[in-house]
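Read-outs throughout are calculated quantities, based only on the coordinates presented, and are distinct from any laboratory measurement. The structure presented is a predicted model; accordingly, all values stated were derived computationally and were not measured. Quick reminder, even Gly has a Cβ in these numbers, built from the backbone with ideal geometry, and neighbours come from all protein chains shown.
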Ligand SMILES: Cc1cc2nc3c(=O)[nH]c(=O)nc-3n(C[C@H](O)[C@H](O)[C@H](O)COP(=O)(O)O)c2cc1C
C-alpha cells in the first residue's frame, strides 16, 4: 500500500518546480547538496512518447531517479525504495490521450516515485498544439478524463499543476473548482494565465479566494502556490500572510540562488567558494550521468550544461569574463582546467 506522502509534509512545505531541461536527476542531486526542498518534481514526460516503441527509452531516461554508476541493466538497476529514504520525487507527465495516461501511470507505480503530477499549465506552443499543458484548460472534459485514467491506473497520489486560466484571469473561477472536484492529493496553482506566460507579476492577491475554493470544495487537497517565490525566507513571509496555503513551489528562484531552500542561508548569500564547489559537484555528476547514458547507447549532451554556469559564476568581480571563457569550453575537463587556473592564481 503506497502512503500518501503529501499528508506527511510540514505545513508551509517547499517544492522545487518541474523545469524542462533543468530538474533532471543531476540537478535534483545538486540541489539536494545545496539544501533540499521538501518535494522534488521531475521534468515533464510525454505519455504518448512512453506509449510508443520509439519514444519509450527516452521517456524512461527522463524518469531515472538516480545515477547508476555501473549499470547492469538499464531497467533493473534502480532501487525502488530510494524515494522512501530521501526527499520524495513526483513524476510529472503530460499529454492528451487518456489511454496513454493509464499506461504511464501504471508503469510509474514500480519506478520508485512518491507521486504523479499532471501538467496542465505549460504554455509552450508545441505542447499546446498537441493538446497538452495549458491547452487542457480549454478542453476540461478531456482534462478530467485524463486525470481519471491516471488515477485508475495507480495507487500513487495524483496531483495537477496548472495556471489561473488560458486567456483570462477569471477563468480560475470555473477551472479550479472543476479540478478540485477530482479528489486530487495536491493542486499547484501558478498564479498567472497561459497568455501572461511569466511576463507579469504573479497574482498573489488571488490567494485568499483560491484558498476559499479549496476549503469549500476539497479541504483534503493540498494547495501549493507557485510564481515569483524567491527563497525560503520569502516562503516564511508568505506562509505567515496566507496560512491557508499548504506548500510553496519555487522555480526560477533556484537560478538566482541554488541554496534558496536551505534554512541556514536565510540571511546570508552563499560565498563564491561555496558556489564553485557546487559547480564542481555538478560537473562530477554530469560526467557520471554521461558515462551512464553512453553505456546504455544513449547520450547526455554537453551543450545544455552551459546554461547552468550562470548560477554558479555570478556576483563577483570578473564573473562575467570568467563565464565567457567557460562558455567557449567543449567538455567538462576544459571547464575544470579554467576554474583551477583561476583559483590558484
Ligand atoms: C526552464 C523552465 C522549464 C519549465 N518546465 C516546466 C515543466 O516541465 N513543467 C511545468 O509544470 N512547469 C515548467 N516550468 C514552469 C515552472 O515550473 C514554474 O511554474 C514557473 O517558472 C513559475 O514559477 P517561478 O516564478 O518560481 O519560476 C518551467 C519553467 C522554466 C523557467
Going fewest to most other Cβ atoms within 10 Å around each Cβ, 222, 54, 129 line up as 54, 129, 222
Expressed as a whole-number percentage, the relative contact order of the chain with C-alpha contacts under 8 angstrom and at least six residues apart is 17 percent
Longest principal axis of the chain (C-alpha) makes with the long axis of helix 272-295 (C-alpha) an angle, in degrees to the nearest 10, of 80 degrees
Given a Förster distance of 41 Å, the FRET efficiency implied by the Cβ-Cβ spacing of residue 32 and residue 126, rounded to the nearest 0.05, works out to 0.85
Taking the square root of 5λ for each eigenvalue of the C-alpha gyration tensor of the stretch 237-308, the equivalent ellipsoid has semi-axes, largest first and in whole angstrom, of 32, 17, 10
Taking Cα atoms, the helix 140-153 axis meets the longest principal axis of the chain at an angle in degrees (rounded to 10) of 70 degrees
The stretch 272-343 -> Rg/Rh from Cα coords, Kirkwood Rh, value 0.99
Over its alpha-carbon atoms, the stretch 162-202 yields an Rg and a Dmax in Å of 10.5, 31
With no solvent term and unit scatterers on the alpha-carbon positions of the stretch 90-220, Debye gives log₁₀ I(q)/I(0) at q = 0.12, 0.15 Å⁻¹ of -0.42, -0.67
At R0 = 45 Å the Cβ-Cβ FRET efficiency linking residue 209 and residue 268, nearest 0.05, sits at 0.80
Per residue convex hull volume, Cα only, the chain, in Å³ is 140 Å³
So for R0 = 25 Å, FRET eff. of residue 294-residue 56 from the Cβ-Cβ r, to 0.05, ends up at 0.85
Expressed in angstrom and rounded, the centroid-to-centroid distance over alpha carbons for the stretch 1-70 and the stretch 298-335 is 24 Å
Residue span residue 240 to residue 220: 0.36 nm per residue of separation minus Cα-Cα distance leaves a gain in nm of 5.2 nm
In vacuo Debye sum over C-alpha of the stretch 82-139, base-10 log of normalised intensity I(q)/I(0) at q = 0.14, 0.30 Å⁻¹, listed in q order, is -0.44, -1.13
Taking every alpha carbon pair in the stretch 141-214 and sorting the distances into 5 angstrom bins from 0 up to the bin holding the longest one, the percent per bin comes out as 3, 15, 26, 24, 15, 11, 5, 1
